[in-house]
Amino acid sequence: MDIFLQQVVSGLASGSIYAALALALVMIYEATDVVNFAQGEMAMFATYICWSLLDAGMPYWGAFFATLAIAFVGGVLIERTIIRPVENAPILAIVIVTIGLLVIFNSVANWIYTGTQKPFPSPFPKEPIKFGEIVFGAHDLGQIGVTLVVLLCIFLFFRFTPLGLAMRAAAQNPVSSRLVGIRVGWMLALGWGLAALFGAVAGIMVAPNLFLDPNMMLGVQIYAFAAATLGGFTSPVGAVVGGLIVGVVENLVGTYVGFIGTELKFTVALALIIVVLVVKPSGLFGRSVVKRV
Amino acid sequence: MSSLLEVEGLEAYYGRVKALHGVNFSIQEGGITTILGANGAGKTTTLRAISRMVRTAGSIRFGGSSIDALATEDVVRLGVAHAPEGRGTFTHLTVEENLRIGCWGRKSNAGVEADFKRVYGYFPVLRERSAQTAATLSGGEQQMLAVARALMLNPRLLLLDEPSLGLAPLIVKEIFRILRAANKDSGVSILLVEQNAALALDLADHVFLLETGRVVMEGPSEVLRKDDSIRKSYLGY
């Protein structure tokens, strides 16, 4: 039982990372119907920026928040300069642009920082935290906490601020949004900024476990895809719930199903994507999209 | 009275298809103007041209200055509210959020609460349903919401595209009564596009008749109502 609980919490910890990245994917998908394949690499690059700031002697939380700000501005700039010129192109063309971005971020990170793995610090204590017999990693708990705080902030932002309302309106009905005076293009850019910010949180939180290298987020991104597919690409809540479920399932299957172990864990994510797409393509919380052709 | 909107030689294009062939008209500040015409005459296109939603040639002046080069968002910010064809409801948002989003283009937030009171006074059913998602409203209620959302801009000019379409006669009557009240209360000018000519002639003080992309007749509504050809073609008696 103790092991089970520990594995669940550790699954929730990685799940919170998947949730953050899945939420980033869903936000952009909701607003533009585009799946941003570069989301993970943008997160990886933001994590390198954080590493540079720490390396230059900045205190941890200072570097953390500075990175979030840089990631936000970077996300906005990418939308304005790279996505905007192709925004009226077919979806497939835009998706390919995001794949191009993936390659660029990966190569530039390799070029600037070299491919060698770098240790990344955790702001949380090294000693595990004990509740009676059960032992939890302090970083795991901290990671869950940080992600939940970020999610809460974003929920409050979308639910209660005029800007959040305008962003939701612009994502849902761009034509009507223009007719009430909303600058839809800027709302999309802000969406990219926020998505980049979630990615940065995910990257910085996962780096202490994985070590920092240019391919760090490739695996995480697959799990985030699984999470978004499971929860439904059209549902932010679904992305978060999906992320947590994928994290826990991945961990429990790895622990209890003998032949899978740590090596085949990855396959679980892919199998999950296929099962969801076959059984319920809209995901747990998504709505099915009907298009007239 | 001065002209609030002056349209001169307006042409509009969908791709390479020309939908308006040099439309000229102007509307007075504080008045209610209607554009009558058959299907495909260019009524909706005229409204879309004013809101800068289609490619145009010619000149459109609002409040004395040209709006030809502006984006839709900027025309709205000048005080032109457009309740579009199909009502443009934000179906996932609540009724109240739909109205709040209508305030986005306002010059100042002073008076927002008073305007909420005013439009809820016009449409009590929207107050009852303020926390419901707009998708759950009936067609008539969604049309009321579209008018209410447009009024939340506190506009100088209200563009209305077929507010009677697909609605029960009693509801249409109610909406038209409120349009008259809104025009009286706040002095908002109204440009109404309507297929229901009898209703439109009752409400409006000035009428333009549009046929295949051109204005073919215009005048005060009491004069045009008595015109034989209008009576036969549009009023049907």
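The values are calculated or read from the model by the stated rules, or taken from the named source; none is laboratory data. Everything quoted here is computed from the prediction, not taken from an experiment. For neighbour counting, all protein chains shown are included, and Cβ atoms are generated from backbone atoms with ideal geometry for every residue, glycine included.
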Return only the number of the condition from (1) assigned to a loop (DSSP other than H, G, I, E, B); (2) of a type in the set (Ser, Thr, Tyr); (3) more than 10 Å from chain A (Cβ to nearest Cβ) that residue B:91 does not satisfy. (3)
Hits in segment B:161-205 - residues which are charged (D, E, K, R), out of contact with any Asp or Glu (no Cβ under 7 Å at 6 or more places or on another chain) and assigned to a loop (DSSP other than H, G, I, E, B): B:205
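Output the helices (runs of 4 or more DSSP H) that fall wholly within segment A:163-278 and possess 1 or more residues being touching a residue at least 40 places away in the same chain (Cβ under 8 Å), or say none. Break it down stepwise before answering.
Details: elements: A:174-179, A:184-210, A:216-231, A:236-256.
The qualifying helices (runs of 4 or more DSSP H) are A:184-210, A:216-231, A:236-256.
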Given the criterion under 19 Å from the mean Cα position of the chain (by Cα), assigned to a helix (DSSP H, G or I) and of a type outside the set (Gly, Ala, Ser), identify the matching residue among A:105, A:120. A:105
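State all residues of segment A:151-193 that are within 27 Å of residue B:153 (Cβ to Cβ) and either more than 13 Å from chain B (Cβ to nearest Cβ) or of a type in the set (Asp, Glu) (or both); if no residue qualifies, say none.
We begin by selecting, within segment A:151-193, every residue within 27 Å of residue B:153 (Cβ to Cβ); these are A:156-191.
Answer for segment A:151-193, where residues must be within 27 Å of residue B:153 (Cβ to Cβ) and either more than 13 Å from chain B (Cβ to nearest Cβ) or of a type in the set (Asp, Glu) (or both): A:156, A:157, A:188, A:189, A:190, A:191.
Please work out if residue B:49 is surrounded by 20 or more Cβ atoms within 10 Å (Cβ to Cβ), within 14 Å of chain A (Cβ to nearest Cβ), touching a residue at least 24 places away in the same chain (Cβ under 8 Å) and closer than 18 Å to residue B:23 by Cα.
On the way: surrounded by 20 or more Cβ atoms within 10 Å (Cβ to Cβ): yes; within 14 Å of chain A (Cβ to nearest Cβ): yes; touching a residue at least 24 places away in the same chain (Cβ under 8 Å): yes; closer than 18 Å to residue B:23 by Cα: yes.
Criteria met by residue B:49.
Test residue B:74 against the stated conditions and say whether it is more than 14 Å from chain A (Cβ to nearest Cβ), more than 15 Å from the chain's Cα centre (by Cα) and over 22 Å from residue B:220 (Cα atoms).
Values: more than 14 Å from chain A (Cβ to nearest Cβ): no; more than 15 Å from the chain's Cα centre (by Cα): yes; over 22 Å from residue B:220 (Cα atoms): yes.
Judged against the criteria, residue B:74 is not a match.
Would you check if residue B:83 is more than 19 Å from residue B:128 (Cβ to Cβ) and either within 9 Å of another protein chain (Cβ to nearest Cβ) or buried (at least 19 other Cβ atoms within 10 Å of the Cβ) (or both)?
Values: more than 19 Å from residue B:128 (Cβ to Cβ): yes; either within 9 Å of another protein chain (Cβ to nearest Cβ) or buried (at least 19 other Cβ atoms within 10 Å of the Cβ) (or both): yes.
The answer is yes for residue B:83.
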Taking residue A:112 and the conditions (1) at pLDDT 90 or above; (2) part of a strand (DSSP E or B), which numbered condition does it fall short on, given that it satisfies the others? (2)
Whether any residue in segment B:149-162 is away from chain A (no Cβ under 14 Å), surrounded by 14 or more Cβ atoms within 10 Å (Cβ to Cβ) and without any contact (Cβ under 8 Å) to a residue 40 or more places away in the chain is what I want to check. no
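Please enumerate the residues belonging to segment A:128-152 that are hydrophobic (A, V, I, L, M, F, W, C) and within 21 Å of the chain's Cα centre (by Cα). Don't jump to the end; show me each part of the working.
Quick first cut of segment A:128-152, residues hydrophobic (A, V, I, L, M, F, W, C) only: A:129, A:131, A:134-136, A:138, A:141, A:144, A:146, A:148-152.
Those that are hydrophobic (A, V, I, L, M, F, W, C) and within 21 Å of the chain's Cα centre (by Cα): A:141, A:144, A:146, A:148, A:149, A:150, A:151, A:152.
What about residue A:41, is it within 28 Å of residue A:231 (Cα to Cα), among the acidic types (Asp, Glu) and buried (at least 18 other Cβ atoms within 10 Å of the Cβ)? Lay out the reasoning, then the answer.
Values: within 28 Å of residue A:231 (Cα to Cα): yes; among the acidic types (Asp, Glu): yes; buried (at least 18 other Cβ atoms within 10 Å of the Cβ): yes.
Considered against the rule, which asks whether it is within 28 Å of residue A:231 (Cα to Cα), among the acidic types (Asp, Glu) and buried (at least 18 other Cβ atoms within 10 Å of the Cβ), residue A:41 comes out as yes.
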Looking at B:146, B:134, B:168, which one is surrounded by fewer than 13 Cβ atoms within 10 Å (Cβ to Cβ), touching a residue at least 24 places away in the same chain (Cβ under 8 Å) and either more than 20 Å from residue B:6 (Cβ to Cβ) or acidic (Asp, Glu) (or both)? B:168
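Would you pick out the residues in segment B:94-106 that are more than 7 Å from chain A (Cβ to nearest Cβ) and either surrounded by 22 or more Cβ atoms within 10 Å (Cβ to Cβ) or assigned to a helix (DSSP H, G or I) (or both)?
First, the residues of segment B:94-106 that are more than 7 Å from chain A (Cβ to nearest Cβ): B:94-96, B:98-99, B:103, B:106.
Correct list: B:95, B:96, B:98, B:99.
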Condition first: modelled with pLDDT under 95 and within 15 Å of the chain's Cα centre (by Cα). Can you find one or more residues in segment A:154-172 that meet it? yes
Can you name the number of the only condition in (1) out of contact with any Leu (no Cβ under 9 Å at 6 or more places or on another chain); (2) touching a residue at least 12 places away in the same chain (Cβ under 8 Å) that residue B:12 fails? (1)
All-but-one check, residue B:69 against (1) surrounded by fewer than 19 Cβ atoms within 10 Å (Cβ to Cβ); (2) within 23 Å of residue B:30 (Cα to Cα), failing number (2)
Identify all residues within segment B:207-237 that are part of a strand (DSSP E or B) and crowded, with 20+ Cβ neighbours inside 10 Å; write none if there are none. B:207, B:208, B:209, B:210, B:215
Condition first: within 14 Å of another protein chain (Cβ to nearest Cβ), in contact with a Ser or Thr (Cβ under 8 Å, 6 or more places away or on another chain) and not in a helix (DSSP H, G or I). Now tell me which residues in segment B:107-135 satisfy that. B:131, B:133
Mind checking whether some residue in segment A:59-73 is among the polar types (S, T, N, Q) and either in contact (Cβ under 8 Å) with a residue 60 or more places away in the chain or surrounded by 14 or more Cβ atoms within 10 Å (Cβ to Cβ) (or both)? yes
